[in-house]
Structure formats: structure tokens, C-alpha cells
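First comes the structure, then the notes that go with it.
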């Protein structure tokens, strides 16, 4: 299942943060100079989300003025403001007409750095009506609801059991759950228990989640969110050269019919998604030569990512060099530095993303790619088409996760 919509609960008053939320709702509190909710939006964007609905209550007009009907990182944002307090479940019911058939639901004051496409690919929509992402924490779990599981099925949720799995506040829901007449309802106290009692709630466990989950609802955790987000946003970058590595090099490939995937490419990328950023860099002089356009290239890359998302993987960003020395279109005679083995595409990426360069890699199939890696002092794996990419990804994962 591919999900394109996320709904964020932004209505809480944040009373435990005292004076910090007197004039500012929790999700709009700045961390490292950026509203907390924008970290959530960026993370959702890189997982392919196209629309985000903000369910606003307390000081909701501040969300509306800042985000409503605007695009942020190519994601459309819609704000729905409550006219009266409806509770967490009621807020979603109030947005019923705007909901997709299935969507992510998350709290506006928590950040959970998990592969959302893996989550949705594992959701058994034939058997279950919702999936809850359960985080295994080592400490500080007393303030969270604990989850008991029977294999994939959630048996119970409460504050008393001894489980180390907590409700992270990240879910996948079917829209039909919220087809209710009474709007004022609690998600946690009313709606979830009914789904669990019907054995329609699936659990997805993320083990050792202590370092990738934070809830800024109390002063202590809000204070540590600055360092937490800096650490989680800086990741090793894995740059895949496209033709010859991700797909077979059939020369000037710009149509999906020409894509022949390399062996185990979906698993290879999925393995890296949790701990790394995954990018594609590709020389595309065919654009400069007039064989196809940039729109053709973007359409193909969107299609490729769609196929990856079906398998629980994704590319975080694509970079291409349309340069051709003799192009009839003037702009494609410029920016020669984008074309490999020059480092222009890598430099563009570094401006957009926080990259841990010491553990970054280039994976390619030619001497040009080796030259690029040497120029920027990145590690390199050479791939022959037909080689098992999953084996290479596992080798890289061992290196990047080694302390």
C-alpha cells in the first residue's frame, strides 16, 4: 500500500511546558530556529507524502496563517481549525471529508525517525483497520501507554502492563474508522479500544527506538530536542549512479518501459533507508541533446520512486546533469560542473541535506564514478549490472552503523 496523505494532530494546549506555550502551540515552538512541525513536514516529504492536514485547536489561527493552502517542500498543507474542543478522535472525525481511504496519523509534538514506506508496505489492510507503530524504549516509559502484542495483533493498550513497547503516536488508519456521527471523542480512550477489541489493530514494532524517538511534551525532552534533531538529521549519504547501477544502461533512458531494474535493488535501498539518505545522481546529456525534456526525466524519477515505495523503499532525492556542450538550448551549455566526474550534483545535495560525509558512499559502474569519489574523498563501490546490490548495501550498513 502506498500512502500519500498524513494527518497531524496539533490541537493540544501543551500545559506541561508552562510559559513556553502561553502564546505558541507546541508544534510551532522553535527548535534550532525552526518550528518543530517543519521537521515533521520535511520527514514526511522525503517519504513521498503529497498532502498534509493539520488538525488545529489551541491557537489554531497561527497554523492557518502560516501554512493553510500553501506548499512546503512540494507538499500541500491544509489546516482544519476546530470551533470547539473535540478531542483527538473528534478532530479526525471533523476532517472526514478531506481524508484519503488510508492515511498516516501522527502527533504534532513527536518525531519518530522510521521508514514510513516500510510501515505502509507491511500494513495488512485486508485483515486490519489500522496499524500502530510501537516503539521499544529502554527508559522514561512511565508516561506512555504500553502495548501488548500477540504476534502482529495488538491485544491491549494501557499504562499498567510491563511491556517495553509504547504507543509512539504514529499510525496508519483506514478512513472508514472515522465515519461516526458524534464528533467529540478521544482517540486513545474511545476509538482505539474498540478497534483492539475487534482484533483489527496491527502492531509494527521498532526495536531500540530510544535514539530515534522524541516527544517534546515535557520541559526535559523539549530541552534535549535541539541535540536530538541535529543528530538525527545528519546521516551518511549513499549516492547511487542511476544507469548501469540502479537500472540497465540502455542509453538515454527516459521512459519507464526502458527501465530494467538491477538485481535486488528494492531490498538494497530499503536496507539503507533507515540509517542513511539515499540519492540518485545521473548524467543526462540526452536533455541537452534534445532527445527528451526535463519533464520527461522528472516523470520517470517519480515513477521509479513509486515502484520503490510499493516495496517499502524510497529515494530521498534525485540529481541530474543535463549539460551538453553543443546543445541548441543555451541553458544546457552551462553548469558543466554538474556533470560527473565534477562534483556539482553532490554540492547541490549538500546544500539541501545534512550529510555525514565521512561515512558517505558513491555506488557506480564506471571510471567516471571512481574519479568523482576520489575528488571528494568518498568511499566507493563499483557495481556490474546483474550484481546483487543487496550484498553491497549490507556491507555499507555495517560500516555506517559501526561506532
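The values are calculated or read from the model by the stated rules, or taken from the named source; none is laboratory data. Not measured: the values here are computed from a predicted model. Heads up, the Cβs are rebuilt from the backbone with ideal geometry, glycines too, and the neighbour counts pull from every protein chain shown.
With the structure loaded, tell me whether residue 228 is part of a helix (DSSP H, G or I) and touching a strand residue (DSSP E or B) at 6+ places or on another chain (Cβ under 7 Å) or whether it fails that test. Show your work before the answer.
Numbers: part of a helix (DSSP H, G or I): yes; touching a strand residue (DSSP E or B) at 6+ places or on another chain (Cβ under 7 Å): yes.
Yes: the conditions hold for residue 228.
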Item to complete: Taking the options 249, 264, name whichever one is touching a helix residue (DSSP H, G or I) at 6+ places or on another chain (Cβ under 6 Å) and touching a residue at least 40 places away in the same chain (Cβ under 8 Å).
Response: 264
Worksheet item: Across the stretch 295-326, what is the number of residues that are under 22 Å from residue 341 (Cβ atoms), surrounded by 14 or more Cβ atoms within 10 Å (Cβ to Cβ) and out of contact with any strand residue (DSSP E or B) (no Cβ under 7 Å at 6 or more places or on another chain)?
Response: 3
Worksheet item: Residue check, residue 244 against (1) within 23 Å of residue 308 (Cβ to Cβ); (2) in contact with a helix residue (DSSP H, G or I) (Cβ under 6 Å, 6 or more places away or on another chain), all met but one. Which one?
Response: (2)
Worksheet item: If residue 171 satisfies every condition in (1) modelled with pLDDT under 95; (2) under 28 Å from residue 221 (Cα atoms) but one, which is the exception?
Response: (1)
Discussion item. If I ask for residues that are surrounded by fewer than 18 Cβ atoms within 10 Å (Cβ to Cβ) and within 24 Å of residue 11 (Cβ to Cβ), which ones from the stretch 145-174 would you list?
Written reply: 158, 159
Discussion item. Just to be sure before I move on: is residue 104 touching a residue at least 24 places away in the same chain (Cβ under 8 Å), under 22 Å from the mean Cα position of the chain (by Cα) and not in a helix (DSSP H, G or I) in the structure I sent?
Written reply: yes
Worksheet item: Could you list, in sequence order, the residues of the stretch 371-391 that are in a helix (DSSP H, G or I) and either on the phi > 0 side of the Ramachandran plot or more than 23 Å from the chain's Cα centre (by Cα) (or both)?
Response: 371, 372, 373, 374, 375, 376, 391
Item to complete: Working carefully through the options 251, 257, find the one that is modelled with pLDDT under 95 and loosely packed, with under 14 Cβ neighbours inside 10 Å.
Response: 251
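Would you list the strands (runs of 3 or more DSSP E) that sit entirely within the stretch 118-214 and hold 3 or more residues that are within 22 Å of residue 273 (Cβ to Cβ)?
Values: elements: 130-136, 146-150, 153-158, 165-174, 201-206.
The qualifying strands (runs of 3 or more DSSP E) are 130-136, 165-174, 201-206.
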Response to the item:
From the option list 81, 97, 42, single residue qualifying as touching a strand residue (DSSP E or B) at 6+ places or on another chain (Cβ under 8 Å), surrounded by fewer than 21 Cβ atoms within 10 Å (Cβ to Cβ) and outside the structural domain of residue 277 (by TED's automatic domain parsing) is 81
Fill in: Failed item in (1) more than 21 Å from the chain's Cα centre (by Cα); (2) loosely packed, with under 15 Cβ neighbours inside 10 Å; (3) more than 19 Å from residue 269 (Cα to Cα), with residue 340 passing the rest
(2)
Worksheet entry | Scan of the stretch 7-27 for residues that are buried (at least 19 other Cβ atoms within 10 Å of the Cβ) and in a helix (DSSP H, G or I), ordered by number | 17, 21, 26, 27
Worksheet item: Looking at the stretch 180-228, which of its residues are surrounded by fewer than 14 Cβ atoms within 10 Å (Cβ to Cβ), under 17 Å from residue 91 (Cβ atoms) and either at pLDDT 95 or above or not assigned by TED's automatic domain parsing to the domain that holds residue 137 (or both)?
Response: none
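When the residues of the stretch 60-86 are narrowed to those that are in a loop (DSSP other than H, G, I, E, B) and at pLDDT 95 or above, which ends up nearest to residue 214 (Cα to Cα)?
Here is the first cut: in the stretch 60-86, the ones in a loop (DSSP other than H, G, I, E, B) are 68-69, 73-74, 82-86.
Within this subset, residues satisfying the condition of being at pLDDT 95 or above are 68-69.
Numbers: 68: 26, 69: 28 Å.
By that ranking, first place goes to 68.
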